[in-house]
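Data first, discussion second: the structure below is written as C-alpha cells.
Read the figures in this text as sums done on the coordinates, not as results from a lab. For clarity, every value in this text was computed on a predicted model and none was experimentally measured. Glycine gets a Cβ as well: all are built from the backbone with ideal geometry, and neighbour counts include every protein chain shown.
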Amino acid sequence: MMALRAHTPGGPEVLVYEAAPVPRPAPDEVLVEVHAAAITFAELSWTETWQRDGHDRTPIVPSHEVSGVVTAAGHDVTELEAGSEVYGLIRFDRDGAAADYVTVPAADLARKPATVSHTVAAAVPLAALTAWQAWFDHAALRPGERVLVHGGAGGVGAFAVQLARAAGADVTATARSTDLPLVQRLGAQRVIDYQRGSWTTEGSVYDIVLDTVGGRTLHESFTVLKRGGRLITLQAPPSPERAQYFDVQATFFVVTPDPGQLAQLADLVDSGELQVLIAATYPLAEGRAAFESATGSQRLPGKTVLVIRS
C-alpha cells in the first residue's frame, strides 16, 4: 500500500509518501480500507506520536481520524464485518490513517454517518468527541447553564457551540472578526470578537468555560466563572492553587475513543443537527503539504482532510 510516513521525529518536513506493508489485524481488530483521514496539525509534536511506553515506534503514520470500509476482521470481532462503513478515532500511540489501509480495534469504531461522505465523516471523531466529553463527561452540563467557549470557530469549538446549544445551554463564544457570522450560525447567542474587545469585562457570570486556547486565556478564564463553576481546558493542566482561590473545579483531559458517543454523534450528523466544517482537502500523496498548510495565513475554519479514495 501507499502511506504517509515519518522515520524520524520532526515536523511536516520529515513526512514522506512511500510504499509500506499492509498491516494485519489482531484478533480484536479490523482492517479498514481508508477513504478519508483528517489531520490534527499538532499531532507531530505529541510524544505519543513517536513513542509507546517510552520506546521509539518509528516509522509512524499520522492522522488519527478515519472513515472507511472494513475489509477484514480478527476472529474475536463480532459486531463489524467486511463491507461495514465505519469511522472513528485511532489512539495516538498507534499508526494513523494516512495510508491505504489501517488496523483499528473494533471497539474504537462506530458505523459512519449514513448521509455524508467519508470526507465529512472523517472530520468528526477527534473534535466532536472532545467537545462531547468536555460537556457531558467532565463538566456535567445542564440545560439553562451559561457557558463560554473559547475558539468557537475552531475544530473543537465549532462542535462545542452546537452541542451546548442543543443541550439547552446559554452559549457565548469567542472568535476572530472574520468568523463571527459563522459562530452565530452554529448557534452561539453571543459571539465576542477577541481581536477587538475583552471577554473578561462582564465579571463572574459563567457556569462553565471550555478553553481550547490555553496560555493567558486559560489563566484569565478563572475570573469569569461563578463560584463552584467548572473550567475545562484542553491545552495543559490548570493551576490547582488558582482553582482553589476562585473556588471552581478545573479539569484537563485528553479525548479517548468511545463508540457509543460516536454513534450518537453520527445520529446528530444524519439528522442535520450537527454541522461539520471542512477547511481543505488534499490527496494522500500531498499529505506533507496538508500538514504544512497549518502555517498559512488564509486557513479557513474546520478540519483538513486527506482524501484517499473518492
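Structural remarks
- Shape descriptor for segment 106-200: Rg over Rh equals 1.01 (Cα atoms; Rh from the Kirkwood inverse mean 1/r).
- For residue 146, the residues whose modelled amide H falls within less than 5 Å of its own, excluding neighbours fewer than 5 places apart on the same chain, are 170, 207, 208.
- Between residue 57 and residue 189, residue separation times 0.36 nm minus the direct Cα-Cα distance comes to 42.9 nm.
- Bridge type composition, the chain - antiparallel percent by DSSP, nearest 5: 60 percent
- Helix-only mean residue ellipticity at 222 nm for the chain, each DSSP H run of n ≥ 4 adding -39500 (n - 2.57), per residue, nearest 500: -5500 deg cm²/dmol
- At least 15 Å along the helix axis (C-alpha) and Kyte average at least 0.5, DSSP helices within the chain: 155-166
- Charge tally in the Cβ shell below 15 Å around residue 277, where Lys, Arg are +1 and Asp, Glu are -1, residue 277 excluded: +1
- Structural descriptor for segment 92-226: relative contact order 20 percent, calculated from alpha carbon pairs under 8 angstrom and at least 6 residues apart.
- Our coupling estimate for segment 177-187, obtained by passing each phi through the Karplus curve with A = 6.51, B = -1.76, C = 1.60 and θ = phi - 60°, is 3, 5, 9, 4, x, 4, 5, 5, 5, 6, x Hz, Gly and Pro reported as x.
- Amide H to amide H, with H built 1.01 Å from N, residue 110 comes under 5 Å of 87, counting only residues 5 or more places away or on other chains.
- Listed candidates (i) 54, 42, 39; (ii) 73, 39, 38; (iii) 57, 38, 36 - label of the one calculated as Cα extents along the principal axes in Å: (iii)
- Around the amide H of residue 101, modelled in the peptide plane, lie the amide H atoms of 34, all under 5 Å away and 5 or more residues distant in sequence or on another chain.
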